[in-house]
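K.L.:
The structure under discussion is supplied below as structure tokens; questions concerning it will follow.
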Amino acid sequence: MARSPILNELRRYAIARSLFKPVSLPSAIRRLGFVQADPMRAPARAQDLILFQRVRDYRAGDLERRYERLGIEEDAFVNYGFVPREMLSLLHPRAPRRPLDAASMVRAQEVLAFVQERGAVHPREVNEAFAHHGRVAGYWGGELNASTRLLDDMHHHGWLRVRRRDSGTRVYEAIRHAEQDESPSARLARAEALVDAIVALYAPVPSPSLGYLVTLLRYGAPHLAVETRAVVKAARARYGHAEVDGVTWFWPVDENPASRRHQPDEGAVRLLAPFDPVVWDRRRFEMLWGWAYRFEAYVPAPKRTMGHYALPVLWGEHMVGWANLRVERGRLRHDVGFSANAGPRDRHFQRALEEELARLEVFLQQGSAV
């Protein structure tokens, strides 16, 4: 039996298993199992920043450009993002927590018939055809067309799928998900597969974070809430685990966090997206690196301590601070802040930072128009 890891080994394991040697785009998506999406571009969208660190020669916008050929889907998992197409059978048919009311159901059926007739539709076409639906409150304030909101709901309910994006806007087509075996054993098997995907993506996972992530599955798989909770209760029997500094951590049963092969690239600086699997769990971040990283895009500017879209800065196995990036007159500009326990930064750090910024400039060039 492998010995229990210590915290330093968990930190190295967390980095090395997620920031694997760059592979092809399809391979990276399959290996991750889920890539979280975010519409904000600062200086690129989160999904592109995540894949940039894991895909050979990746350019901003490649995911959108190649989407139709990748065998992936935009859908809800623990958050909204991109999943391998085979995961749809675990997420659908979905029984949403908030079913459509009678009036919305009638409208949805009308819109579905419209989409089925045309094969694929841009929201603009739906808005024009169903302008009589009026307007509703927007997600982040303001108003939007009621039919735009309805398309989102229909996608989440499993009536539509995203066929492609046109300049960032989802183009939809109708879909009908296959019925699933609803026997208790089959439902539990689907729940186990979903929780396995969580553990595989975010390992090593502290016990409180695993519980929180499974509650987020109410977004992607609300119909399996009872079964996914049962998987968490049985986590010690299903996953590798150990208690470290009073906290139980979980990882895939066939992996060994204490293995010496988990060695981050000590000479490299990585600027990570706020939703990158390495840093997504803020609880785990603070446990592994000893300081609190905050995503402040929605914090009023005067109250920000790190910046609008601060990217955690990883140097080897040390998370030394954060960077805010912007493109001005075609050039990438940056501001870097450091945590109180970052330690000394010498010319080697500066050189590695400059190399990472140069890589980012190349990454951004082809995607600048996307």
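The values are calculated or read from the model by the stated rules, or taken from the named source; none is laboratory data. For clarity, every value in this text was computed on a predicted model and none was experimentally measured. Methodologically, a virtual Cβ is constructed for each residue, glycine included, from the backbone with ideal geometry; neighbour enumeration extends over all protein chains shown. Calculation scope for accessible area: heavy atoms of the full protein, side chains included, ligands and nucleic acids excluded. Shrake-Rupley method; radii C 1.70, N 1.55, O 1.52, S 1.80 Å.
K.L.:
Most mobile of Arg149, Arg329, Arg190 per a Gaussian network model of the chain (Cα springs, under 10 Å)?
P.N.:
Arg329
K.L.:
Let me ask you something else. Residue by residue through region 70-80, which ³J(HN,Hα) values in whole Hz follow from phi under the Karplus form 6.51 cos²θ - 1.76 cosθ + 1.60 (θ = phi - 60°), with glycine and proline marked x?
P.N.:
9, x, 10, 9, 7, 6, 8, 10, 7, 9, 8
K.L.:
Taking a ≥ b ≥ c as the square roots of the Cα gyration tensor eigenvalues, with a/c under 1.5 meaning rounded and otherwise prolate when a/b beats b/c, else oblate, which class fits region 301-370?
P.N.:
Taking the square roots of the gyration eigenvalues as a ≥ b ≥ c, region 301-370 is oblate.
K.L.:
Charges at C-beta only: +1 for Lys and Arg, -1 for Asp and Glu. How large is the resulting dipole of region 38-91 about its Cα centre, in Debye rounded to 20?
P.N.:
260 debye
K.L.:
Given the rule -39500 (n - 2.57) for each run of at least 4 DSSP H residues, summed and divided by the residues of the chain, what is its mean residue ellipticity at 222 nm, to the nearest 500 deg cm²/dmol?
P.N.:
It lands at -11500 deg cm²/dmol.
K.L.:
If you rank Ile6, Ile175, Ile72 by how much accessible surface each has, with a 1.4 Å probe, what is the order from largest down?
P.N.:
Largest accessible area first, the residues go Ile6, Ile175, Ile72.
K.L.:
Something else now. Got the relative contact order for the chain handy, in percent, Cα pairs under 8 Å and 6 or more residues apart? Intermediate values should be presented prior to the final figure.
P.N.:
Values: 570 pairs, mean separation 75.8, N = 370.
Once divided by the residue count of the chain, the mean separation gives 20 percent.
K.L.:
Tell me which residues come under 5 Å, amide H to amide H, from Val244 once H is placed; ignore anything under 5 positions away on its chain.
P.N.:
Trp249
K.L.:
Near the amide H of Val55, under 5 Å away, which other amide H atoms are found, from residues 5 or more places off or on another chain, if H is placed in the peptide plane?
P.N.:
Amide H neighbours of Val55, under 5 Å, 5+ apart: Val23.
K.L.:
Sort Thr305, Thr228 by accessible area with a 1.4 Å probe, largest first.
P.N.:
My answer, sorted largest first, is Thr305, Thr228.
K.L.:
Cα axis of helix 102-118 to longest principal axis of the chain: angle in degrees, 0 to 90, nearest 10?
P.N.:
90 degrees
K.L.:
For Asp38, what residues show an amide H to amide H distance below 5 Å, using hydrogens built from the backbone and excluding near sequence neighbours?
P.N.:
Excluding prolines and chain starts, which carry no amide H, the hits are Ala46, Gln47.
K.L.:
A follow-up question, please. For Glu128, what accessible surface area do you get with a 1.4 Å probe? Give it in Å², rounded to 10.
P.N.:
Ignoring ligands and nucleic acids, Glu128 comes out at about 130 Å².
K.L.:
Taking the 0 to 90 degree range and rounding to the nearest ten, how far is the long axis of helix 347-366 tilted relative to the main principal axis of the chain, both from C-alpha atoms?
P.N.:
Between helix and principal axis, roughly 20 degrees.
K.L.:
Which net charge results when you count Lys and Arg as +1 and Asp and Glu as -1 among the other residues whose beta-carbon is under 9 Å from that of Ala258?
P.N.:
+1
K.L.:
In a Gaussian network model over the chain where Cα atoms closer than 10 Å are linked, find which of Ala46, Ala221, Ala178 has the largest mean-square fluctuation.
P.N.:
Comparing Ala46, Ala221, Ala178 in a Gaussian network model of the chain, the most mobile one is Ala178.
K.L.:
A further question follows. So, taking all protein chains as they sit and a 1.4 Å probe, how much accessible area belongs to His122, in Å² rounded to tens?
P.N.:
30 Å²
K.L.:
For region 37-113, what relative contact order do you get, as a whole percent, if you take Cα pairs closer than 8 Å and at least 6 residues apart?
P.N.:
Reported as a whole number, the value is 18 percent.
K.L.:
With +1 on the Cβ of every Lys and Arg and -1 on the Cβ of every Asp and Glu, and nothing else charged, how large is the dipole of region 65-217 about its Cα centre, in debye rounded to the nearest 20?
P.N.:
That gives region 65-217 a dipole magnitude of about 320 debye.
K.L.:
How much solvent-accessible surface does Tyr80 expose, in Å² to the nearest 10, with a 1.4 Å probe and all protein chains in place?
P.N.:
50 Å²
K.L.:
On C-alpha positions alone, give me the angle between the axis of helix 146-157 and the longest principal axis of the chain, in degrees, nearest 10.
P.N.:
Once rounded, one gets 70 degrees.
K.L.:
Right, another one. Consider the candidate values (i) 5, 25, 34, 25, 10, 1; (ii) 5, 22, 30, 26, 13, 4, 0; (iii) 5, 26, 37, 26, 6, 0, 0; state which one is P(r) over Cα pairs in 10 Å bins from 0, in percent computed from the structure displayed.
P.N.:
Computed from these coordinates, P(r) over Cα pairs in 10 Å bins from 0, in percent corresponds to label (ii).
K.L.:
In addition: Solvent-accessible area per residue for region 274-331 at a 1.4 Å probe radius, Å²? Each step should come with its number before you reach the end.
P.N.:
Numbers: 2600 Å² over 58 residues.
For region 274-331, the solvent-accessible area averages 45 Å² per residue.
K.L.:
I want to verify a result. In a Gaussian network model of the chain, Cα cutoff 10 Å, which of these has the top mean-square fluctuation: Met319, Met105, Met287?
P.N.:
Highest fluctuation among the options: Met105.
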